[in-house]
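For reference, the structure discussed in these notes is given below.
The values are calculated or read from the model by the stated rules, or taken from the named source; none is laboratory data. From a predicted model like this one, the values you see are computed outputs, not experimental measurements. Here the Cβ is made from the backbone with ideal geometry for all residues, glycine too, and neighbour counts use every protein chain on show. Note: areas computed on protein heavy atoms with side chains; ligands, DNA, RNA excluded. Shrake-Rupley method; radii C 1.70, N 1.55, O 1.52, S 1.80 Å.
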Amino acid sequence: MNERVKAVAGPIVLATDASVGPDRVASGYLATTGPTGLRAHLYPKHLVRPRSGVVVTELRAVYWGLKTVLHAHPGRPIEVRVDNLQALRHLHSWQQGGTNMPEGYDTHLRAQGRQPTLVKLQLLAEYTPHLTFVHEKAHAGHPLNEAADSLAKLGLRCVRGTVPRTELPRLVPLWATGALAAWAA
């Protein structure tokens, strides 16, 4: 699900986060330019080892958020805030031309010959100028990080069936708008 809420002035900041359950994963993102979204699905056990599930999902959140923001604002500087240090290490390595993936991540082509998400993210990190990846301490009250965390958890609740999918168009903008208002204040 991708939505758009009212943007706030200033540099583009993208906050991302993931939520991982035993058999399902979800990611959320929120940008100060307005794009917000979440993705949730059954855990792709055949693609990654269980210990790497969190970092892979965190990195997928970065990919989906960046893809949306870069499409809307090509060439503008973007600061991506990540609360997972292992994911941040991969992003910094990829910016320097590294190619290491999280342990056990399958880099073979997906259905219909699609490139794996993290391979696409590695290329974005390496070849997109003006990207900055920074650490954001989790659960420390930072409005954008808290909103990205809430969006990821909402996605997990939705894929588990505890929140109806029909409620997402109402809930996502509410959380995102509140976070952006707090950020702008």
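The 1.4 Å probe gives accessible areas that order Val25, Val119, largest first, as Val119, Val25. At a probe radius of 1.4 angstrom, the accessible area of the chain per residue rounds to 49 square angstrom. Pairs of lysine residues in the chain that meet both criteria, 8 or more places apart or on different chains and Cα atoms under 23 Å apart, total 7.
The fraction of accessible area contributed by carbon and sulfur in the chain is 54 percent, rounded to a whole number (1.4 Å probe; ligands and nucleic acids excluded).
For region 148-165, list residues with backbone N below 14 Å from a point placed 7 Å from the Cα of His41 toward its Cβ? Zone members listed by number: 159.
The distance between label points at Leu109 and Thr162 comes to 4.0 nm (points 7 Å beyond Cα on the Cα→Cβ vector). Summarising the label geometry, the points placed 7 Å from Cα in the beta-carbon direction at Ala140 and Glu79 lie 1.3 nm from one another. Here the sum of -39500 (n - 2.57) over DSSP H runs of 4 or more residues, divided by the residues of the chain, equals -13500 deg cm²/dmol at 222 nm, to the nearest 500. Treating r as the C-beta distance of Ala182 and His130 and R0 as 35 Å, the FRET efficiency rounds to 0.85. Taken about its Cα centre, the chain carries a charge dipole of roughly 460 debye when the Cβ of each Lys and Arg holds +1 and the Cβ of each Asp and Glu holds -1. Across region 42-185, C-alpha contacts under 8 Å between residues 6 or more apart give a mean separation that, scaled by the residue count, equals a relative contact order of 26 percent.
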